[in-house]
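Trainee: After the structure tokens below, expect a handful of questions from me.
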Amino acid sequence: MRALFALVCSLCIAKLVSATVYFKETFPDEASFNENWIYSKHEGKEYGKFELSPGQYYDDPKRDQGIKTSEDARFYAISSKFEDSKFNNLDKDLIVQFSIKHEQTIDCGGGYLKLFDCKLDQEQMHGDSEYRIMFGPDICGPSNKKVHVIFNYKGKNLLINKDIRCKDDDLTHLYRLLVKPDNTYKVSIDGEVVEKGELESDWEFLAPKKIKDPEAKKPSDWDDREKIDDPDDKKPDDWDVPELIPDPDATKPDDWDDEIDGEWQAGMISNPAFKGEWKRRQIDNPAYKGPWVHPEIDNPEYVPDDKLYHHPEVCAVGIDVWQVRSGSIFDNILITDDEELADEEANVVIKKTMEGEKKMKKEALALKAAEEAQAKAGDDSKDSTEDSDSSADKDVEDADDKPSSKDEL
């Protein structure tokens, strides 16, 4: 029993030792934000500034504080390097997790993160700076609301070939990307998996395994017509009739003068016997062989890679976005290889931050509705009093206008 207990303890300790948090940021205060994050000074663009804020609704104003975009119609470019310089996810899970709240009811703007290698010059970071991974929501207009998952592979940025819908309300949402050493991935929003699959299948990392045989040609006698004209079908003798005919009910007006008005002709109407263009009926083609399928062969340019998941050097995380309307709050950034730790952090956001801000918003909206109802009731009462006073004044005026009995005499 003791041996079993010791084994369990040793396994737990081994797991704790092997698990690594490469980067964690919850923006606790202004001092640490200014110390750890560097704004880009790249020329040619006017970059916006971030400010610390928990937003209008929250559970705990200190814990839920993040960095908020504060200027409309601006690019934002800011980054932070890891304390341990860099990490290598060889044979390890890679988890990128963060929360974003579009409190401004965003119309067009990004809410994603980028991971960079050690070549990044933080003060010169801009939209074309090479990155390793780009992940997170991007919204522009009612139809473009997606979660980007972009990997850099051999110098090319590869977009996922699936459409992952992002959240577009004004509350906090937690996004997670999990990449595993078996070259599979999962994308989660608020703890729910919204997409998963294989890296090779869902991105164009590699050339296709199969290609169409360039030597194969469709046989000249291959008939892929499922239906053909019936050669025995004949057009009826009475088929060809004009589309329009003179109106048989039309009569020549009494005042029509052929010498002045010309020869009278009845108006034209649609011919009820007209059937349109005659076409042979269709029958099954006895020579039909089905659709011809181009044969495929192994692609000689296909080279397998069992390390598609691998990023040998990641040193920094950055926010590089454009926003038309500011007000997005980034928070709870975590990069780790420990899924259990990521779950623990996620539970705090989902069960405390998200539930707390929903409650606060509900209470605020209820209070606002009550105040508006009370104000409306006050206005209605005031209008009623004014109407009553006006009616009383009119009665007095009418009484003054009436002659007294003495005057009548």
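Taken together, the values in this text are just the output of simple stated rules run on the coordinates, not laboratory data. Everything numeric here is computed off the predicted structure, so don't read it as measured data. Please note: Cβ atoms are built from the backbone with ideal geometry, for glycine as well, and neighbour counts cover all protein chains shown.
Trainee: For the range 90-108, which residues satisfy the criterion of being within 25 Å of residue 63 (Cβ to Cβ) and surrounded by 14 or more Cβ atoms within 10 Å (Cβ to Cβ)?
Mentor: Answer for the range 90-108, where residues must be within 25 Å of residue 63 (Cβ to Cβ) and surrounded by 14 or more Cβ atoms within 10 Å (Cβ to Cβ): 95, 96, 97, 98, 99, 100, 101, 102, 103, 104, 106.
Trainee: Further, regarding this structure: For residue 218, are the conditions met, namely being under 49 Å from the mean Cα position of the chain (by Cα) and assigned to a loop (DSSP other than H, G, I, E, B)?
Mentor: yes
Trainee: Now a separate question. All but one of (1) over 39 Å from the mean Cα position of the chain (by Cα); (2) under 30 Å from residue 343 (Cα atoms) hold for residue 287; state the number of the condition that does not hold.
Mentor: The failed condition is (2).
Trainee: Residue check, residue 318 against (1) among the small types (Gly, Ala, Ser); (2) assigned to a strand (DSSP E or B); (3) more than 26 Å from the chain's Cα centre (by Cα), all met but one. Which one?
Mentor: (3)
Trainee: Report whether or not residue 101 is more than 19 Å from residue 21 (Cβ to Cβ), of a type in the set (Lys, Arg), outside any loop (DSSP other than H, G, I, E, B) and out of contact with any Lys or Arg (no Cβ under 7 Å at 6 or more places or on another chain). Write out each step before concluding.
Mentor: Numbers: more than 19 Å from residue 21 (Cβ to Cβ): yes; of a type in the set (Lys, Arg): yes; outside any loop (DSSP other than H, G, I, E, B): yes; out of contact with any Lys or Arg (no Cβ under 7 Å at 6 or more places or on another chain): yes.
So residue 101 fits the description; yes.
Trainee: Checking the conditions here, which among 279, 289, 307 is of a type in the set (Lys, Arg), loosely packed, with under 10 Cβ neighbours inside 10 Å and in a loop (DSSP other than H, G, I, E, B)?
Mentor: Sole residue among the options that is of a type in the set (Lys, Arg), loosely packed, with under 10 Cβ neighbours inside 10 Å and in a loop (DSSP other than H, G, I, E, B): 279.
Trainee: So residue 227 clears everything in (1) more than 30 Å from residue 348 (Cα to Cα); (2) free of Cβ contacts under 8 Å to residues at least 24 places away in the same chain; (3) exposed (fewer than 12 other Cβ atoms within 10 Å of the Cβ); (4) touching a strand residue (DSSP E or B) at 6+ places or on another chain (Cβ under 6 Å) except one condition, right? Which one?
Mentor: (2)
Trainee: Let me ask you something else. Of everything in the range 201-215, what is outside any strand (DSSP E or B) and in contact (Cβ under 8 Å) with a residue 12 or more places away in the chain? Give them in sequence order.
Mentor: First, pick out the residues of the range 201-215 that are outside any strand (DSSP E or B): 201-209, 213-215.
Selection gives 202, 203, 204, 205, 206, 207, 208, 209, 213.
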